[in-house]
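Before any comments, here is the structure.
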Amino acid sequence: MLLAASTFYLLVIFGVMLARGISIEPQWVVLALLLIAVAMGRGGQFIKDWAPFLVLFFAYEAMRGFAAKTGFAPHDLSGLERLLFAGNLPTMVLQQNFYDPHAVRPQDVVALVLYFMHFPLPIVVGFIFWTRSREHYWRFISALLLMSFLAFLTYLFYPSVPPRLQFPHQVHWVTDETVKKLFNNYYISPIYSHLNPNQFAAFPSLHAAFPLLAASYAWNRYRALSIGLAIWTAGVWTAIVYLGEHYFVDALAGLIYAAVAALLVEVGAGRFRPPRRA
């Protein structure tokens, strides 16, 4: 009963925020989950377990903005993309066939929702893990943060240009255009906007990596959830390419970073796990 009520509660909260054009940021998601934890009688434990994650996550976000100011020239990955797709750019192919700059189509809204759920999804999945096993939650969150900081190092030394910036006259910035067509007074929290996200933090794509990592950690314990997350991941990969935010090679790199982070965390967890008593 509590699970069903919690799910409905989150859907209402996120639905209202999206409908009003409010960016769903980590602090709002964690605050919503805190209320559920309080209802479960685990409010104090939630604050203890989730506060370090929030501090580290916001530290990562602040540094991601700093990475844009180091002076390294951003790289053009369109050549590698064309190499993989026989001279074509999937972003242009998708937009030419499915995007109408003068109207909002269903695929635009779906892609936008998938894109804006970048932060809420892994946090909600982490909360599901936390309700059943704090140890499993910590392993997932550790892999999530490790992956994010490995990506930050890449953004710092190897920034890359997304399709919408590399080809501004040929690729539509569908995210921005759709938001402007849907919302006249789009709002982004000052807390988040002051973090100055890096527009050249494209390779690897954490939009592609977050749901993939969540799906991998759900596989052994929550098989149905993992399959759903895998389908969601496929949708996100399509959405970020269609929106002009990432190349497909950015998503492939996200897969590699997710695998490396999970491997390092799991190896470390196995190495430092206390031996079982006979």
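General remarks:
- Restricting the first member to the range 144-169 and to residues that are within 11 Å of residue 75 (Cβ to Cβ) and at pLDDT 90 or above, and the second to residues that are of a type in the set (D, E, K, R) and surrounded by fewer than 19 Cβ atoms within 10 Å (Cβ to Cβ), the beta-carbon pairs closer than 7 Å and six or more apart or on different chains are 161/76; 166/76.
- Residues satisfying the stated conditions in the range 61-76, i.e. buried (at least 18 other Cβ atoms within 10 Å of the Cβ) and modelled with pLDDT under 75: 61, 64, 67, 68
- So residue 225, is it within 20 Å of residue 119 (Cβ to Cβ), part of a helix (DSSP H, G or I) and modelled with pLDDT under 95: yes
- Of 27, 95, all but one fail to be modelled with pLDDT of 85 or more and either surrounded by 14 or more Cβ atoms within 10 Å (Cβ to Cβ) or in contact with a Phe, Trp or Tyr (Cβ under 7 Å, 6 or more places away or on another chain) (or both); the exception is 95.
- Within the range 90-109, the residues that satisfy the criterion of being part of a helix (DSSP H, G or I) and within 17 Å of residue 177 (Cβ to Cβ) are 91, 92, 94, 95, 96, 97, 98, 106, 107, 108, 109.
- Subset tally (residues that are surrounded by 13 or more Cβ atoms within 10 Å (Cβ to Cβ) and either hydroxyl-bearing (Ser, Thr, Tyr) or in a loop (DSSP other than H, G, I, E, B) (or both)) for the range 77-89: 4
- Candidates are the residues of the range 112-162 that are over 17 Å from the mean Cα position of the chain (by Cα) and not in a helix (DSSP H, G or I); the one that is surrounded by the most Cβ atoms within 10 Å (Cβ to Cβ) is 160.
The values are calculated or read from the model by the stated rules, or taken from the named source; none is laboratory data. Nothing here was measured: the structure is a model prediction, and the numbers come from that model. Neighbour counts are summed over all protein chains in view; Cβ atoms, including those assigned to glycine, are modelled from backbone coordinates with ideal geometry.
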